[in-house]
Amino acid sequence: MVKMRLKWRQTWAVGLGVALAGMSSSGYLAAGAQSTEAIGNLPALSPPTIPVALSPPTAAISASSGTGGALSDAYALGPGDMINISIFNVPEYSGPQQVSADGSLNLPVVGGVSVNGLTLQAAGSAISRAYRSELRYPEVTVVLTTPRPLRVAISGEVSQPGLYTLTPEGNAQFPTVAQALQKAGGVTQAADLRSVQLRRLNGQGPAQAITLDLWQLLNNGDVRQDLPLRDGDAIVIGETLSVDVAETNRLSASNLASNVEQAITVAVVGEVFRPGAYEFDGNSQEQGRTTVTQVVQRAGGIKPSADLRNIQVRRLTRSGTEQIIDLDFWALLRSGDISQDLVLQQSDTVVIPVATEMTPQDSAELTAANFSPDEVMVNVVGEVERPGMLQVSPNTTLNQAVLAAGGFTQRATETVELIRLNPNGSVTQREVKVNLETGLDAEANPLILNNDVVVVGRNGRARFSDSVGAVLNPLLQLTAPFNLLFRMF
């Protein structure tokens, strides 16, 4: 009886449509005139087109956007999706349904219908075909109410590559590429954002791949590059072939970069006072991300013999290749090019070579920089007022070190001996004639380096006096009892 009533209801709806068409041809309806020939052929018409609601709508990207073509945004149904099925004029068969684990729906009367990998429109067609044995011209509308969690693979230059499960928002907005990268800890500094590849399976259709330019998103706000994701998508971030220091620093300031609170370990070797590996905790960094200057300062500061024009940062990519980034800290010191202060990432190595040529003025400028040590140790011994170890600023000259020790005594000679421990372990020793009126000079008034020793000798008169004293003192000690006896009498 139910089946007969449903068929009668469908027949009545079709008959009503024919009657309305006849009224239109007679002039009773103002819009959509129908010919009598069309009316006569109505019984032979194929089933009407099935309207399907797509949720949520997404605009496809054209080839002119720089993405290399359009990517299908049709949603493919799968296990866990919640949909609502509406069959026109048949509420008994309409209602919410969930796609089961095998990708099928358990529908009233007709039983199981497979919709796994089908779009919403294709699923509506499949349901309509299933009900043709029960209904005449069934009109089916399928609406996605609650999408299933999305499984997305992320690989390449990201902090934590792997497989991620992303849940759509409550308003059925699908996660985007940028949100997925943030979920994976952000991209590394070696990432090539101009060539981000998004691969999509498209359910039962052919697989697709598209290239996104996320630099357009960061620099120009092109949100079309931030595509919504679908279940089974894969995001591949390649490594950049040429490193632009300014772009690398801009990337580190974006929310696509790795978490600023993430602890990293970097190494520094070469012309620093304490080379080695150092760990930086993002929570304790008041200045944000770790840069080359912060690493140099942690390593005791840069030595005056460092070559600031040829500093290198060696960086390993996810593929195992090594990137070499050249920095010029003289541009930072003299023109304020802050882009040379590169933001570092996990496992970076900073290499500071020895300068082959350096003027005294270059040395003075280097030692005055904030990445030089705050103090150096110098030992001033001999004929000065306060001999011993001194802590002086790194741009201290030989003359200033002597004055810091109280200056020469009356017994001192103006020619001092400078003893220096070289980086290669050798020791150099030279004599310097001190003239307090001389400014910075590599020969007459050099800069003091850490652990230098300054020996201030005696002048000729002091040496003669000390020699005579060395001869007479024993005789005076022998005659001392006689002098005491004479004083008693």
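Using the per-residue mean of other Cβ atoms lying within 10 Å as a proxy for protection, in what order, highest first, do the peptides 308-318, 290-300, 403-413 fall?
Averaged packing, sorted descending, gives the order 290-300, 308-318, 403-413.
Can you give the net charge of the other residues whose Cβ lies under 12 Å from the Cβ of R334, counting K and R as +1 and D and E as -1?
Net of charged neighbours comes to -3.
Based on the mean of other beta carbon atoms within 10 Å per residue, what is the order of 248-257, 116-125, most packed first?
Highest mean packing first, the order is 116-125, 248-257.
Run the simple label-point estimate for E92 and D244 please: 7 Å along Cα→C-beta, distance reported in nm.
Each label point is offset 7 Å from its Cα along the Cβ direction, giving 6.7 nm.
Pop a pseudo-label 7 angstrom from the Cα along the beta-carbon direction at both T438 and L421 and give the gap in nm to one decimal.
The two pseudo-label positions are separated by 2.6 nm.
What FRET efficiency would be calculated for the residue pair D281, S335, taking the C-beta separation as r and a Förster radius of 30 Å, to the nearest 0.05?
For R0 = 30 Å, the calculated efficiency reads 0.40.
Quick one: which of 322-331, 136-145 comes out on top by average Cβ neighbours within 10 Å, and what's the full order, highest first?
136-145, 322-331
I'd like the FRET efficiency for E357 and S155, computed as 1/(1 + (r/R0)^6) with the beta carbon distance as r and R0 of 60 Å, rounded to 0.05.
0.80
Which shape class, rounded, prolate or oblate, goes with region 376-458 when its Cα gyration tensor gives a ≥ b ≥ c as root eigenvalues, a/c under 1.5 marks rounded, and past that a/b bigger than b/c marks prolate?
rounded
None of the figures in this text is laboratory data; all of them are computed from the coordinates on show. Predicted model only: the values in this text are computed from it and were never measured. In this analysis, Cβ positions are derived from the backbone assuming ideal geometry, glycine residues included, and neighbour counts consider all displayed protein chains.
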